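Reviewing the structure listed below.
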Amino acid sequence: DDLHTHPRATGPTRDLARRFVETQVGADDLAAVVFASGIADTSQDFTSSQRRLVAAIDRFVGGRGGSVSFDGNYESQTSFLALRLVVNALAEIRGRRKAVVLFSGGIPPILLSDQEQFARTGDRPPGAPAKWFGLAQSDLAGTVAAAIQSNTTIYAVDPDGLKLGSAA
């Protein structure tokens, strides 16, 4: 998810994805590399070639989006759409285990917590565009439903690792 991965996590994300391909993708497996931003010349369609997959991974650059603003809701929709398109493509494959490994810094928490506020009170935070507000949550639900229907498991990996709260 190049839209929600911080630029400083570009290297660790590449390293984790390379390690995954080199240790988990076998000669009989098919894998693809897809970028949430939709930049086609960086992606790699389904292949069993580790070399091609790693070449696509090496084109990954974090920070193509990731703003914590209400425009970030659009970026969240874009990420969920990309994920849902991959899941829908996997639905056509029968007789094989299917999984998606999503490397992402995550959706900015302000979007989800403000959506909860909106659901409870009907009040949007100041500056929140009405047409975008609340869409990320419905996109998440639709993506999860598509994954369940296609029998696809989604594994999410945060390249920054676990974040512990400050000891204050």
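The values are calculated or read from the model by the stated rules, or taken from the named source; none is laboratory data. Owing to the predicted nature of the structure, the values given are computational and were not obtained by experimental measurement. Note that we place each Cβ from the backbone using ideal geometry, even for glycine, and neighbour counts take in every protein chain shown. Remember, those area values only see protein heavy atoms, side chains included, never the ligands or the DNA or RNA. Shrake-Rupley method; radii C 1.70, N 1.55, O 1.52, S 1.80 Å.
Laid out as a table, the results:
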{"quantity": "Of all residues in segment 153-168 being in a loop (DSSP other than H, G, I, E, B) and under 21 Å from Thr5 (Cβ atoms), the one that is modelled with the highest pLDDT", "calculated": "Asp158"}
{"quantity": "Selection within segment 19-40 - in a helix (DSSP H, G or I) and either among the small types (Gly, Ala, Ser) or open to solvent by less than 60 Å² (accessible area, probe 1.4 Å) (or both)", "calculated": "Val21, Ala40"}
{"quantity": "Test: residue in segment 50-59 that is modelled with pLDDT under 85 and out of contact with any Leu (no Cβ under 8 Å at 6 or more places or on another chain)", "calculated": "no"}
{"quantity": "Leading residue by the ranking (nearest to Arg59 (Cα to Cα)) among those in segment 1-18 that are open to solvent by less than 70 Å² (accessible area, probe 1.4 Å), under 15 Å from the mean Cα position of the chain (by Cα) and of a type outside the set (Ser, Thr, Tyr)", "calculated": "Arg14"}
{"quantity": "Which listed residue is crowded, with 17+ Cβ neighbours inside 10 Å, within 21 Å of Val33 (Cβ to Cβ) and at pLDDT 85 or above, from Ser104, Ser79", "calculated": "Ser104"}
{"quantity": "Gly122 crowded, with 18+ Cβ neighbours inside 10 Å and modelled with pLDDT under 90", "calculated": "no"}
{"quantity": "Filtered residues of segment 41-64 (kept if open to solvent by 40 Å² or more (accessible area, probe 1.4 Å), touching a helix residue (DSSP H, G or I) at 6+ places or on another chain (Cβ under 6 Å) and not in a loop (DSSP other than H, G, I, E, B))", "calculated": "Gln50"}
